[in-house]
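Quick notes on the structure that follows.
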Amino acid sequence: MIKNYINGQWGESQGRESVEVVNPATKELLDRCPLGTPGDVDRAVQAASSAFVSWRRTPVIDRVQPFFRLKTLMEENLPALARQVTIENGKILAEAIGSVRRAIQMVETACGMPSLMMGQFSEDIAGEIDCLSVRQPIGVFASINPFNFPAMVPFWFWPFAVAAGNTFIVKPSERVPLTQIKIFELIEKAGFPKGVINMVQGGKEVVNALLAHPTIKGISFVGSTPVAKYVYQTGTANLKRVQALGGAKNSMVVLPDASLEKSARVAFESITGCAGERCLAGSVVICVGDEVDRKFRDLVIPIASDTIVGNGLEARVQMGPVISEAARERIKGLIQSAVDEGADLLLDGRKNLGDLPGFFLRPTVIGGVRPGMRIAEEEIFGPVVCLAKVDSFDDAIRWINSSPYGNTTTLFTTSGAAARKFSYEVDPGMVGINIGVPAPMAFFSFGGRKDSFFGDVKAHGNQCINFFTDTKVITERWLKDSSIW
Ligand code: NAD
């Protein structure tokens, strides 16, 4: 049974129920994840709250020292961490390595906290009066994480929170808790004081306990839109700071002037990388004009049918399984809905699965996708390329902006003017120009808009400093002659 990490110690959860952790490529049972209780959460909060007293007084240059050690430890253990990601999540090893590297970049960026959390100072705001503002840590924060990036997503938050002087509780996804166990073994070696960073395993009950606990000051959530909305509403009603990153439905636009061959490869990789289980995955490719639509079909179908699907630990494999049988059934159902609603099933990834043992699908290509179809509107989170055709660039932008989601979108073009118009007019919060997965690096902020993001301060980059610190403004006058008083 998987353990909690509270106050610098590994311990059993109080939860009596547990869920299976399964390798999606083989269906092998890897372990069981306990469904923790409010009592587990309370113990973690007490530890984090006690640790905060001295951690916030620790100079920031000393607070970042364990992060330098953690970076080195993670570099040294990168192959083992990536392997664990592949085993519990299914994404291929190259993708897993990339995701661990991103986690390390978060640590590297958080090492800049001495500069990141600097305040401001103005001299002589009035006669002999100076004014300064400082950023202070706030207390205990927590993160609630999704299954699709077992290593990376928790790192979007806790390194910044902790380097800024807060203490933290991580709740991994109960479907993929094993990578975080390996990471916490490294956190332990890096020498963070006990209670500064804690981990509680579990699902809904742990989430509710985190949202209700009066000592927790802020929650960072990443997951599906209905849960993101619930977490935002409940957390803010309980007077916490909340940033809640939700689901997505990302469209990509191809203009006639684009390099179609390159665009087809990049769009395909965006849609099917990590078996489509990325919040930045493309979904609908909106082709502007008949010719682009026709050529794109001809280019994408062979790329899709040549894709090698299998266990992501094998070097030759290009796409792994989806996370579970339930996910596979949901995706198959969405493909069927497109057929029933009159789209063209150009390549059916539900077929030819042979003796693949896990939750596999091959890439699917669907043409003639139109607004209003379920496949055009809902998040698929699976390897399904949807091709749509519109008559004009403006129609494509209208399509994007009509979605309730607003995570990311991409334009393929060779025109700077078109690129500028696109970046200016589209709703989503992250935009790619000839980039399939425009994921902001650690030093930029990450987050969508509309139903893809609830809150006002996004993940990592400069914005997160506002989430994890509060400002205090001090106005001061020092007089040589105190007789004035
Ligand atoms: P999920 O919403 O099912 O679970 C996310 C977390 O919420 C988990 O830790 C889970 O334990 C908890 N949870 C689940 N149901 C709950 C409930 N009813 N009440 C309280 N807590 C609950 O999401 P998932 O399936 O793990 O992840 C996939 C989703 O995450 C996709 O929609 C994807 O787009 C989204 N995602 C978004 C981003 C982003 O940056 N916007 C990044 C990664 C994933």
(request) Considering only the stretch 378-437, give the strands (runs of 3 or more DSSP E) lying wholly within it that have at least 2 residues that are among the hydroxyl-bearing types (Ser, Thr, Tyr). (result) 408-412
(request) Look through Ala212, Ala190 and report the one residue that is under 21 Å from Arg56 (Cβ atoms) and either surrounded by fewer than 24 Cβ atoms within 10 Å (Cβ to Cβ) or not hydrophobic (A, V, I, L, M, F, W, C) (or both). (result) Ala190
(message) What's the total number of residues in the stretch 294-308 that are open to solvent by 20 Å² or more (accessible area, probe 1.4 Å), in contact with a Leu (Cβ under 7 Å, 6 or more places away or on another chain) and either within 16 Å of the ligand (Cβ to nearest atom) or not β-branched (Val, Ile, Thr) (or both)?
(response) 4
(message) I need the helices (runs of 4 or more DSSP H) fully contained in the stretch 1-95, keeping only those with at least 1 residues that are touching a His at 6+ places or on another chain (Cβ under 6 Å) and closer than 21 Å to Val206 by Cα.
(response) 38-55
(request) Could you list, in sequence order, all residues of the stretch 205-245 that are in a helix (DSSP H, G or I), touching a residue at least 40 places away in the same chain (Cβ under 8 Å), within 11 Å of the ligand (Cβ to nearest atom) and not polar (S, T, N, Q)? (result) Glu205, Val206, Val207, Ala209, Leu210, Ala228, Lys229, Val231
(request) Could you please find all residues in the stretch 309-334 being within 20 Å of Leu345 (Cα to Cα) and open to solvent by 60 Å² or more (accessible area, probe 1.4 Å)? (result) Glu329, Arg330
(message) With the requirement that a residue be in contact with a Gly (Cβ under 9 Å, 6 or more places away or on another chain), among the aliphatic types (A, V, I, L, M) and surrounded by fewer than 24 Cβ atoms within 10 Å (Cβ to Cβ), what does the stretch 251-266 give you?
(response) Leu255, Val266
(request) Please determine, by comparing only the residues of the stretch 223-245 that are open to solvent by less than 50 Å² (accessible area, probe 1.4 Å) and touching an Asp or Glu at 6+ places or on another chain (Cβ under 9 Å), which one is nearest to Asp451 (Cα to Cα). (result) Thr225
(request) Working only within the stretch 265-280, note down all residues that are within 16 Å of the ligand (Cβ to nearest atom) and either in contact with a Cys (Cβ under 7 Å, 6 or more places away or on another chain) or without any contact (Cβ under 8 Å) to a residue 60 or more places away in the chain (or both). (result) none
(request) Return yes when Ala248 is crowded, with 23+ Cβ neighbours inside 10 Å, of a type outside the set (Val, Ile, Thr), part of a loop (DSSP other than H, G, I, E, B) and touching a strand residue (DSSP E or B) at 6+ places or on another chain (Cβ under 7 Å) and no when it is not. (result) yes
(request) State all residues of the stretch 87-114 that are over 18 Å from Ile323 (Cβ atoms), touching a residue at least 60 places away in the same chain (Cβ under 8 Å) and open to solvent by 40 Å² or more (accessible area, probe 1.4 Å); if no residue qualifies, say none. (result) Arg102, Gln105, Glu108
(request) Hey, can you tell me all the residues within the stretch 100-145 that are within 16 Å of the ligand (Cβ to nearest atom), among the β-branched types (Val, Ile, Thr) and in contact with a Leu (Cβ under 6 Å, 6 or more places away or on another chain)? (result) Val100
(message) What's the total number of residues in the stretch 168-199 that are under 24 Å from Asn23 (Cβ atoms), assigned to a loop (DSSP other than H, G, I, E, B) and not polar (S, T, N, Q)?
(response) 5
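The values are calculated or read from the model by the stated rules, or taken from the named source; none is laboratory data. These numbers come from a predicted model, not from an experiment. Cβ sites come from the backbone with ideal geometry, for glycine too, and all protein chains shown count toward neighbours. Just the protein is used for accessible areas: all its heavy atoms, side chains included, with ligands, DNA and RNA removed. Shrake-Rupley method; radii C 1.70, N 1.55, O 1.52, S 1.80 Å.
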